[in-house]
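The values are calculated or read from the model by the stated rules, or taken from the named source; none is laboratory data. Small disclaimer: the values here were computed from a predicted structure and weren't measured. Methodologically, a virtual Cβ is constructed for each residue, glycine included, from the backbone with ideal geometry; neighbour enumeration extends over all protein chains shown. Ligands, DNA and RNA are stripped out before the accessible areas are found, and what is left, the full protein with its side chains, is counted by its heavy atoms. Shrake-Rupley method; radii C 1.70, N 1.55, O 1.52, S 1.80 Å.
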Number of protein chains: 4
Amino acid sequence: MRKNRLEAFSDGVLAIIITIMVLEMKVPHGNELAALRPVLPVLISYVLSFIYIGIYWNNHHHLLTAAKGVSAAILWANLHLLFWLSLFPFCTGWMGQNQLAPVPTATYGFVLLMAALAYWLLQRAIILQQGRESLLASAIGSDWKGKVSPALYLVAIPLAFISTWLSNGLYILVAALWFVPDRRIERALEKHGD
Amino acid sequence: MRKNRLEAFSDGVLAIIITIMVLEMKVPHGNELAALRPVLPVLISYVLSFIYIGIYWNNHHHLLTAAKGVSAAILWANLHLLFWLSLFPFCTGWMGQNQLAPVPTATYGFVLLMAALAYWLLQRAIILQQGRESLLASAIGSDWKGKVSPALYLVAIPLAFISTWLSNGLYILVAALWFVPDRRIERALEKHGD
Amino acid sequence: MRKNRLEAFSDGVLAIIITIMVLEMKVPHGNELAALRPVLPVLISYVLSFIYIGIYWNNHHHLLTAAKGVSAAILWANLHLLFWLSLFPFCTGWMGQNQLAPVPTATYGFVLLMAALAYWLLQRAIILQQGRESLLASAIGSDWKGKVSPALYLVAIPLAFISTWLSNGLYILVAALWFVPDRRIERALEKHGD
Amino acid sequence: MRKNRLEAFSDGVLAIIITIMVLEMKVPHGNELAALRPVLPVLISYVLSFIYIGIYWNNHHHLLTAAKGVSAAILWANLHLLFWLSLFPFCTGWMGQNQLAPVPTATYGFVLLMAALAYWLLQRAIILQQGRESLLASAIGSDWKGKVSPALYLVAIPLAFISTWLSNGLYILVAALWFVPDRRIERALEKHGD
């Protein structure tokens, strides 16, 4: 029961984050096609963030499927993850309204990195609760995606001062890695017939 | 179970889209009735978008009733649909704040068209998952509304440069076509006694 | 099942309306207590609207409890009600930012009136669906509150041009009438042992 | 059933409050790291408010677990609590955008105080409904946290005119007191095997 409410609350927050990001796309003053040009980078960063939140929403769901109940650690690890995700609209707007300038692009990468770490912490909290023979621990296995992603963000952040296109390329690459929903947890659950 | 969460998340996003559109109706500075005049076209475009989101919410619900589970394709086809619908507040505000000027009206039609295609893709993804004897495929039949709507949008977009009233008339016509909730899927489900 | 989703969607929209109204309370520029003075009328109109949405949320819940299923008429009557309620943030902001000036106060009353009519229409749609021996029809009985409220709004709207305090007094009076949750429907349901 | 809807509605409102607060972090105009400096105090007050809403969400859930049904008093006590919590985005933004100036800091404390009183009122309303041998009453026991918190707010409000850092220190202290989820109610429920 408590898990259901945690899921519902998280779903609500994620649904709001993914939607209010669009408010950063300010209605342009002109009414010509040219008036849309400054909106374009905001739209591009919006698309990227939309996909990221979509991925987090999907994986978050899988992660909680594996959890049995909600400990204080899980509760706060979850809110901590939502906190970093809630900074997406701000970072998306800042990066987009500055034509993908270096500092906003690096800041965007920093928030991506923190969200990835928060996700990892939530994963840890659930495994800790399940104890030694954690189903989740065996399901995620070596978790190479979870290890490669922060590494790529760490490369992308300083890279923003050389080329923001390369940074954004790396952000897109990580999104592509996670694009296909992760079926590890589902499969492990099915095997246990639970 | 997973379908429930997809529905709940989609409902949340649609509820937010339909409500934050009203934020584009900026509180006027004067306190006379005349101060409401520039708000009027925004209100009109808000009403149109409100009806469109209402229609999508209703049909989306029927569509998912027919789905058995959630594949990766359905998941992303659904997020893709939500993405285009999330651009409604922006387009509604742009069209309304420019007294239904040609380019914003055509842009609005473009987003309507993309949402219609996204809806069709989601329908495809569900049919694909159900395989050959898809209940949904037989329920929607020839799907004339689904074919006529994009065609009408395609006509309405260039028409905006001749008369924005004609374009908006076509947008209203399509909304009217879909206004009565679609009972095809319900009926097909009832027949199968499921 | 369909009714559940209608309720959940309506709850979502009402939760968003009640919360985004607070966004009309713009953060003042000064940091002295005097800077809060222009916010005060916005806060007052926010409190009034908050109570109104609270009342609608509560009664809406009771009304739907009585409905058996969702017809097309109920669906659109419900969206129609949500539409008028969604204009509350705009009207609340306009009235509040203009120190309760006559035209914004009358406009606020007009939206209250339309919401009351929309609520009555929704009630009608549910009774119509239930047919002759409608449980809801007998539960609401003479519905004196439902008849007195629009009458009071109709008085309050022109009164705004004489004294906005009297209009607002009437708005508060109607809210007070409905403040105690309506137990008629609950009692009728209990009697039927359903 | 009614309790479920009250919970769902409250969850929705809390999810929106916690998320729209981030809208007060206006995207800065510059694209240098220095442009983030004025955002910093807003971010800090956002973090504090995020934790507070997280704590309220968690405790609110526990409180309602103990309630049997929803009386009119509970309904309005709950909306009253949500009202004060809905003022968090405004106060957070005001405090943050003024570098934690005295009046905004004291106002923030006042809203914290009112929210604490509203929470206490909701607790009272539930105990009243349960009658003499209230499970909730025995679960919360002496409720020292519930008594100490308002006292600390009362100290922090005037203190803001001496040092806003001390006030904010007290706000953080209260948050720390409540950080660990309250297990009293859970334990009492478990004992009763309910």
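In the context of the full set of protein chains, chain A has a per residue accessible area of 41 Å² (1.4 Å probe).
Taking every C-alpha pair closer than 8 Å and separated by at least 6 residues, the mean separation divided by the residue count of segment A:26-175 gives a relative contact order of 27 percent.
Spatial offset of segment A:11-26 relative to segment B:123-194 amounts to 27 Å, using the alpha carbon center of each. Using a cutoff of 8 angstrom between alpha carbon atoms and counting only pairs six or more residues apart, the relative contact order for segment A:90-182 works out to 34 percent. Please compute the length gained on full extension between residue C:162 and residue C:73, using 0.36 nm multiplied by the number of residues separating them and subtracting their Cα-Cα distance. Once the chain is fully extended between residue C:162 and residue C:73, it gains 28.1 nm. Going through segment B:20-103, which chymotrypsin sites (Phe, Trp or Tyr not before Pro) have at most 14 other Cβ atoms within 10 Å and a DSSP loop state? Answer by residue number: there is no such site. Considering only D:71, D:41, B:170, the residue lying farthest towards the positive end of the dipole of the protein assembly as shown is D:71, judged by Cα position with unit charges set on Cβ.
Remark: the Cα gyration tensor places the protein assembly as shown in the rounded category, a/c being less than 1.5.
Taking a span of 18 Å or more along the helix axis (Cα atoms) and a mean Kyte-Doolittle hydropathy of at least -1.0 as the rule, the DSSP H helices of chain B that qualify are B:2-20, B:39-66, B:72-86, B:102-130, B:144-159, B:164-179. Inter-chain Cβ neighbour count for C:95-107, averaged per residue, equals 3 (cutoff 10 Å, partner chain atoms only). Shielding by partners for peptide D:72-82, expressed as the average number of C-beta atoms from other protein chains within 10 Å of each residue's C-beta, is 3.
Counts of other chain beta carbons within 10 angstrom of each beta carbon in peptide D:36-46 average 1. Measuring nothing but protein heavy atoms, the accessible surface of the protein assembly as shown at 1.4 Å probe radius is 68 percent carbon and sulfur. Summarising the label geometry, the points placed 7 Å from Cα in the beta-carbon direction at residue B:172 and residue C:145 lie 3.8 nm from one another. Over all directions, the projected convex hull of the C-alpha atoms in segment C:22-69 averages 4.2 nm² in area. Loop sites by DSSP among the trypsin sites (Lys or Arg not before Pro) of chain A, restricted to those with at most 15 other Cβ atoms within 10 angstrom, leave A:69-131 as the longest stretch without any of them.
Decide, for segment D:28-165, between rounded, prolate and oblate: order the square roots of the alpha carbon gyration tensor eigenvalues as a ≥ b ≥ c, take rounded if a/c falls under 1.5, and otherwise choose prolate if a/b is larger than b/c, else oblate. Judged from the Cα gyration tensor, segment D:28-165 comes out prolate (a/c at least 1.5, a/b above b/c).
For chain C, adding -39500 (n - 2.57) for each run of n ≥ 4 DSSP H residues and dividing by the number of residues yields -25000 deg cm²/dmol at 222 nm. Based on C-alpha pairs under 8 angstrom that are at least 6 apart in sequence, segment B:18-108 has a relative contact order of 43 percent. Shape class for segment D:45-97: oblate, because the ratio a/c of the largest to smallest gyration tensor axis (alpha-carbon atoms, square roots of eigenvalues) is 1.5 or more and b/c is at least a/b. How many Å² of accessible surface get buried when C and D come together, counting both sides, probe radius 1.4 Å, rounded to the nearest 100? So the total buried area for this chain pair works out to about 2900 Å². Cross-link reach is defined here as a Cα-Cα straight distance under 28 Å, omitting same-chain residues fewer than 8 places apart; for residue A:191 the lysines meeting it are A:3, A:68, A:145, A:147, B:3, B:68.
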